[in-house]
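See structure below.
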Amino acid sequence: MAPLAVIEDRDTSDAAAQLARAAELLDEVKRGLRGATLRLYRPLPTMAFGQRDTRLPGFEAARAASLSRGFEPVVRKAGGRAAAYHEGTLIVDHIEPAAEAMVGHRHRFEVFGELYAEVLRSVGVDARVGEIPGEYCPGEYSVHGVPREGTTAGGGLERPIKLVGTAQRVVSGAWLFSSVFVVSDALPVRAVLTDVYRALELPFDPSTAGAADDLVPGLTVDAVEQSLLAMYAEQGALAAAH
């Protein structure tokens with residue numbers, strides 16, 4: 001990893017602008033206006049659709065469903081299917097310059113999946129890497145949490161739940177790896193995803209949508225963010241100014 005300048009973005013004025021800022025940072029890195037960057041923010045309630053979702057017959061109904069649940073519909077340029085996030089989630093945008101940005105494209109999914117699973121393990125979550133059947137925005141390197149046997153953590157959960165979704169955008173000269181940690185308040189995320197995936201007629205099992213505090217009661221976004229920054233610091237990846 002190149003030394004990363006950290007941006008802890010607290011601008012919560014507009015969900016679409018929050019998403020667009022990642023593309024702006026990617027362009028700045030690509031053009032050499034800034035170096036490698038790690039941006040962290042806690043989003044407004046947002047339903048981020050993938051490009052493929054917009055071409056489905058049920059897209060307009062899905063947009064309406066997200067609005068009715070209080071989630072602003074936006075379309076992201078990175079890959080994947082619809083994903084929901086709100087103030088109980090942490091979004092991590094890792095952006096680096098690269099002369100051959102497509103080189104290592106797949107390997108980045110593997111590396112970040114394991115790194116971010118370790119972040120969750122450090123705060124007590126039994127986190128593992130891999131797609132679980134029926135998850136939203138399915139991905140081979142999603143991070144999921146597993147209820148621990150013999151404990152009451154998980155509130156009666158009997159199967160793994162998706163906790164981190166990842167997506168990547170590659171342009172000439174730079175790449176953006178964006179990840180969403182769902183930390184708390186899973187109920188509205190699960191409800192809006194259920195409505196949206198039904199409208200899009202895409203497979204989705206609502207029981208796979210949860211939050212890290214379902215498995216570790218009391219876990220906060222602050223604690224996950226601190227663990228994440230500690231991991232980057234241990235890797236020697238943060239710029240000295242942070």
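The values are calculated or read from the model by the stated rules, or taken from the named source; none is laboratory data. From a predicted model like this one, the values you see are computed outputs, not experimental measurements. Reconstructed Cβ throughout: ideal geometry from the backbone, glycine too, with neighbour counts over all protein chains shown. Protein only, heavy atoms only, side chains kept; ligands, DNA and RNA dropped before computing areas. Shrake-Rupley method; radii C 1.70, N 1.55, O 1.52, S 1.80 Å.
Mind checking the dipole of the chain: about its Cα centre, +1 per Lys or Arg Cβ, -1 per Asp or Glu Cβ, Debye to the nearest 20?
Working: 24 positive and 32 negative charges, 115 e Å.
The dipole magnitude comes to about 560 debye.
Counting only protein heavy atoms and using a 1.4 Å probe, what share of the accessible area of the chain belongs to carbon plus sulfur, as a whole percent?
52 percent
Helix by helix through the chain, keep the DSSP H runs that span 30 Å or more along the axis on Cα and average at least 1.6 on Kyte-Doolittle, and give those back in order.
Values: long enough: none.
Passing helices, by number: none.
Would you work out which of Pro217, Ser207, Ser178 lies farthest towards the positive end of the dipole of region 173-242, given +1 charges on the beta-carbon of Lys and Arg and -1 on that of Asp and Glu, about the Cα centre?
Projecting each Cα onto the dipole axis, the largest value belongs to Ser178.
Going by a ≥ b ≥ c, the root eigenvalues of the Cα gyration tensor, does region 71-163 fall in the rounded group (a/c under 1.5), the prolate group (a/b larger than b/c) or the oblate group?
Details: a/c = 2.06, a/b = 1.52, b/c = 1.36.
Prolate, since a/c reaches 1.5 and a/b exceeds b/c.
Roughly how much of Ser68 is accessible, in Å² to the nearest 10, using a 1.4 Å probe?
Ser68 has an accessible surface of roughly 90 Å² with all protein chains in place.
So for Arg128, Arg39, Arg76, Arg169, what's the accessible-area order with a 1.4 Å probe, most first? Show your work: numbers first, answer last.
Working: Arg128 115, Arg39 0, Arg76 25, Arg169 65 Å².
Output order, biggest surface exposure first: Arg128, Arg169, Arg76, Arg39.
At a 10 angstrom cut-off on C-beta neighbours, averaged per residue, how do the peptides 209-221, 26-38, 109-121 rank from highest to lowest? Walk me through the intermediate numbers first.
Values: 209-221: 21.2, 26-38: 17.0, 109-121: 19.3.
Ranking the peptides 209-221, 26-38, 109-121 by packing returns 209-221, 109-121, 26-38.
Quick check: from the Cα gyration tensor, does region 111-242 come out rounded (a/c under 1.5), prolate or oblate? It would help to have the intermediate numbers written out before the result.
Working: a/c = 2.05, a/b = 1.23, b/c = 1.67.
Oblate, because a/c is 1.5 or more while a/b does not exceed b/c.
Using 0.36 nm times the number of residues separating Thr220 and Glu28, minus their current alpha carbon distance, what extension gain do you get? Numbers along the way, then the final one.
Details: separation 192, 0.36 × 192 = 69.12 nm, distance 3.16 nm.
Length gained between Thr220 and Glu28: 66.0 nm.
From the helices alone, meaning DSSP H stretches of at least four residues, give me the mean residue ellipticity at 222 nm for the chain, per-run term -39500 (n - 2.57), in deg cm²/dmol to the nearest 500.
On the way: 6 runs with 76 residues, N = 242.
Calculated from helices alone, the mean residue ellipticity at 222 nm is -10000 deg cm²/dmol.
Assuming a ≥ b ≥ c are the square roots of the Cα gyration tensor eigenvalues, decide whether the chain counts as rounded (a/c under 1.5), prolate (otherwise, with a/b larger than b/c) or oblate. Before the final figure, lay out each step's value.
Values: a/c = 1.66, a/b = 1.17, b/c = 1.42.
Taking the square roots of the gyration eigenvalues as a ≥ b ≥ c, the chain is oblate.
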